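First up is the structure itself, then whatever we jot down about it.
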Amino acid sequence: MTTFQQAWTILAGELTTHPWEYTDPGGTTLTVIPEGLVQGPGDGGIVLRITADHHEAAEITVTTTDMPHVIASIAADAEVAYRLPLATLTVTPQGPGAGVRLAIREFDGADVQINLPADIRRHLSPALTRASDVAQGWET
């Protein structure tokens, strides 16, 4: 028989938001984390964090309202910049069937970028969609 504490632990594990990560050969990591916070409709957040060599990092929180535009720009072949109050995310596709560069510049000076090869670019859009779905699940 399962105790209340065991059941709670299982439930918390299933509800915990799980990040998606990619680390390039140079050690720079892109992490996608759905926020597990109760938000109003359209205000759920997906944190994109780029960490270079465990020393320099920049992050931006994209709302569930804006995430479809980010996903569309990853699939497109045109550079797009998303400017938010504290940071800017720049998506630069490298051409049809090629990789994509993501850059985050925080207004306090942090500026980090990562190049994702074509095979990882194909996995990024579904990862962002899943993170957006999780964040939307927390919206009231």
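Rounded to the nearest 20 Debye, what is the dipole magnitude of the chain about its Cα centre when Lys and Arg each give +1 and Asp and Glu each give -1 at the C-beta?
With Lys and Arg at +1 and Asp and Glu at -1, about 240 debye.
Can you give the helix-only mean residue ellipticity at 222 nm for the chain, where every DSSP H stretch with n ≥ 4 adds -39500 (n - 2.57) and the sum goes over all residues, rounded to the nearest 500 deg cm²/dmol? Show your work: numbers first, answer last.
On the way: 3 runs with 41 residues, N = 140.
-9500 deg cm²/dmol, from helical runs alone.
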If you count the DSSP beta bridges with both ends in the chain, what percent of them are antiparallel, to the nearest 5?
95
From the Cα centre of segment 28-59 to that of segment 89-140, the distance in Å is 10
For the chain, the Cα-Cα pair-distance distribution in 10 Å bins from 0, as whole percents, is 12, 39, 32, 11, 4, 1
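With a 1.4 Å probe and every protein chain left in place, work out the accessible area per residue of the chain in Å², rounded to a whole number.
I get 57 Å² per residue for the chain.
The values are calculated or read from the model by the stated rules, or taken from the named source; none is laboratory data. These numbers were taken from a predicted model, which means no experiment stands behind them. Quick reminder, even Gly has a Cβ in these numbers, built from the backbone with ideal geometry, and neighbours come from all protein chains shown. Side chains are part of the model used for accessible areas, which takes the heavy atoms of the whole protein and leaves out ligands, DNA and RNA. Shrake-Rupley method; radii C 1.70, N 1.55, O 1.52, S 1.80 Å.
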